[in-house]
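Presented below is the structure to which this report refers.
The values are calculated or read from the model by the stated rules, or taken from the named source; none is laboratory data. Note that this is a predicted model, so its numbers are computed, not measured. Heads up, the Cβs are rebuilt from the backbone with ideal geometry, glycines too, and the neighbour counts pull from every protein chain shown.
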Amino acid sequence: MPLDKLVLILVCVCIAAGVTVWLGLLLAAAINIPYGWTALIPAALVGYVIYRVIAERVGNAEEDHYDKMDH
C-alpha cells in the first residue's frame, strides 16, 4: 500500500473519531446524561462482541481440533 494512501486513511479515521466524540458530547449535554452512563454504551458493545466470539467458538465444530485426537 502506498504511503500516501495509508496517511489518507489514517487522517479520515482520526477525523471520523473526533466528529463522533464531538457529536456524542453534544448529545450527552443536550439530554443531560451523566458521563458515567455514556461509558456503559461502549462497555456493553465490547461485552456483546466478546459474548458473540465465545459463543461462535464454542458452537463451531471445526474449532474442536483436539476432540479428534487419540490419546
Taking the range 1-15 and keeping residues at pLDDT 80 or above and either of a type in the set (Ser, Thr, Tyr) or surrounded by fewer than 10 Cβ atoms within 10 Å (Cβ to Cβ) (or both) leaves PRO2, LEU3, ASP4, LYS5
Here the qualifying pairs (Cβ atoms under 9 Å; residues six or more apart or on different chains; first in the range 30-56 and closer than 19 Å to THR20 by Cβ; second surrounded by 10 or more Cβ atoms within 10 Å (Cβ to Cβ) and modelled with pLDDT under 80) come out as ILE33/LEU27; TYR35/ALA28; TRP37/ALA28; THR38/LEU27; THR38/ALA28
